[in-house]
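K.L.:
Dropping the structure in here first, questions after.
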Amino acid sequence: MAKRQVTIRMYRQGLGDCFLVSFPRAGGAFHMLIDCGALKSRHYAPESAIEFVKNVRTLTKDRLDVVAVTHEHWDHISGFSDARAEFDAMEIEKVWVAWTEDPKSAAAKALKREFKKSKDAVELALSKMTPDPGTPLARFKESITNLLQFSGGVGMAETTSSTWKYILGRAPNLYCNPQKAPLRLEGVENVRVYVLGPPEDPDWIKKRLSKRETYDEGHPSFAAFAGFLSATDPNHDACERAVPFLRRYRIPSDAARGQEFFRETYDAPDQAWRRIDDDWLSLAGDLALHLDSYTNNTCLALAFELGDGGPVLLFPGDAQVGNWLSWQERSWTVKDADGERREVTGADLLARTVFYKVGHHGSHNATMRGKGLELMESPELVAMIPVHRATAEDQKWEFPYRPLWERLKEKARGRVLLADAEGLDEITQDIEAALTPKELERFRKSAKFDEHFVEVRVPY
Ligand SMILES: [Zn+2]
């Protein structure tokens, strides 16, 4: 039987994800768009999104069978805002989102409520930070502000959420749940889509997250901090709980300034180092990181199995530790074409992965080691990193994170494609050293660099 092939196109729009995955189907390919966005930066003009989406329109003849949106981060959805008119002109059959968007799910609603509270707290903390330029606090504020770029940036909550609503409103939603049977693609033969994450139990997400994420250790005060910030009345209970000393041991700052001792030892300009007035603001950094991982952990993570027990394409969105770990506990029973029942586990899908869309632009915390990349054993592995190094450098992020990148190159035997590369030059040495002449020829033929995207084809 002639081999079929899936075509994967990674768009080169900037630092963000936009993938067009096309499956062969009688009567015309099945097109799935997974995310469409880029971070705001000096390297990315929002108008350029229009060019990229026009390219999607041409390739798909204005029809997308599925738009899958992995999570509500700006670098995954900005295209739906910047190129809205282009999307308006397209027919979209179905929108796939994580179960956390299901309005009927009480667990989903609770998650959203909690998330909103934390988000408001970070924004409020930032608004209270008014550091002098060049001070450590100024740099700190800048780094949190940069982190918030993922959720659209400070004060952008409205735009991000209206963009999210737009795309979810374009077609009937499918709430993807890892506890359900694998999904099928309408009219496509023998391809199963396993929903790996997000985990269905929100407590479980948080538990894993707080255990594993180092910056989350020992911060039982998040709730109190959030309460403290949102309490406008200093006599408010939440505010009182967030203060480390009982009222009778405290001297209000105005009263303290009336005493010479405090004026000399705390208030004098050269005594600034003794004051902790702004130290509580540093908690905002932890909270911002927490918030970021939290959204990433609610990412829709998908594994496409091509043929019964065949090669797997892995699209984890920006899933972080908690999400990845939960895949290890997944199993599904499927019925193959020959009628045989087969058990499929998360680990098994990783072992058969031949294409890995690297999570979170190659950051240090979104590709699991032992329970992730190390389980990917296929000699056919190809990885794509949707990254724009110049943008990441501006933000002082190490994307891709060097040790991960090196290991990816070993596991994929050189075949690691970056969205901002101009061709194979950067990896020529690696692929020539690792691949047989035949494999090399096949890979060179399968990888294509276009002005708008980098493409690979996966046979099955
Ligand atoms: Zn991202």
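Matching residues to (1) among the β-branched types (Val, Ile, Thr); (2) over 17 Å from the mean Cα position of the chain (by Cα):
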position: Lys335; (1), (2): no, yes
position: Gly339; (1), (2): no, yes
position: Gly346; (1), (2): no, yes
position: Ala351; (1), (2): no, yes
position: Phe355; (1), (2): no, yes
position: Ala366; (1), (2): no, no
position: Val382; (1), (2): yes, yes
position: Ile385; (1), (2): yes, no
position: Thr391; (1), (2): yes, no
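K.L.:
Of the numbered conditions (1) farther than 24 Å from Arg139 by Cα; (2) in contact with an Asp or Glu (Cβ under 6 Å, 6 or more places away or on another chain); (3) not charged (D, E, K, R), His388 satisfies every one except a single condition; which is it?
P.N.:
For His388, the exception is condition (1).
K.L.:
Among the residues of the stretch 219-235, are any at pLDDT below 60, part of a loop (DSSP other than H, G, I, E, B) and hydroxyl-bearing (Ser, Thr, Tyr)?
P.N.:
Looking through the stretch 219-235, at least one residue is at pLDDT below 60, part of a loop (DSSP other than H, G, I, E, B) and hydroxyl-bearing (Ser, Thr, Tyr).
K.L.:
Any idea which of Gln179, Gln271 is surrounded by fewer than 17 Cβ atoms within 10 Å (Cβ to Cβ), under 23 Å from the mean Cα position of the chain (by Cα) and at pLDDT 70 or above?
P.N.:
The conditions single out Gln179.
K.L.:
Suppose we filter Ala45, Ala68 for residues that are free of Cβ contacts under 8 Å to residues at least 12 places away in the same chain and either under 30 Å from Ala157 (Cβ atoms) or polar (S, T, N, Q) (or both); which single one remains?
P.N.:
The match here is Ala45.
K.L.:
Within the stretch 297-311, can you find the residues that are at pLDDT 95 or above and not in a loop (DSSP other than H, G, I, E, B)?
P.N.:
Within the stretch 297-311, Ala301, Leu302, Ala303, Phe304, Glu305, Leu306 meet the criteria.
K.L.:
From the list Val122, Val69, Val97, which residue is of a type in the set (A, V, I, L, M) and more than 18 Å from the chain's Cα centre (by Cα)?
P.N.:
Val122
K.L.:
If you check Glu86 against the conditions, is it away from the ligand (no atom under 16 Å from the Cβ), in the same structural domain as Phe315 (by TED's automatic domain parsing) and either closer than 28 Å to Val188 by Cβ or crowded, with 22+ Cβ neighbours inside 10 Å (or both)?
P.N.:
When the stated conditions are applied, Glu86 passes them.
K.L.:
Here's another thing I want to ask about it. Take residues that are within 16 Å of the ligand (Cβ to nearest atom), buried (at least 21 other Cβ atoms within 10 Å of the Cβ) and of a type in the set (Gly, Ala, Ser) and tell me which of the strands (runs of 3 or more DSSP E) falling wholly in the stretch 1-79 contain 1 or more.
P.N.:
Counting at least 1 such residues, we get 63-68.
The values are calculated or read from the model by the stated rules, or taken from the named source; none is laboratory data. Everything quoted here is computed from the prediction, not taken from an experiment. For neighbour counting, all protein chains shown are included, and Cβ atoms are generated from backbone atoms with ideal geometry for every residue, glycine included.
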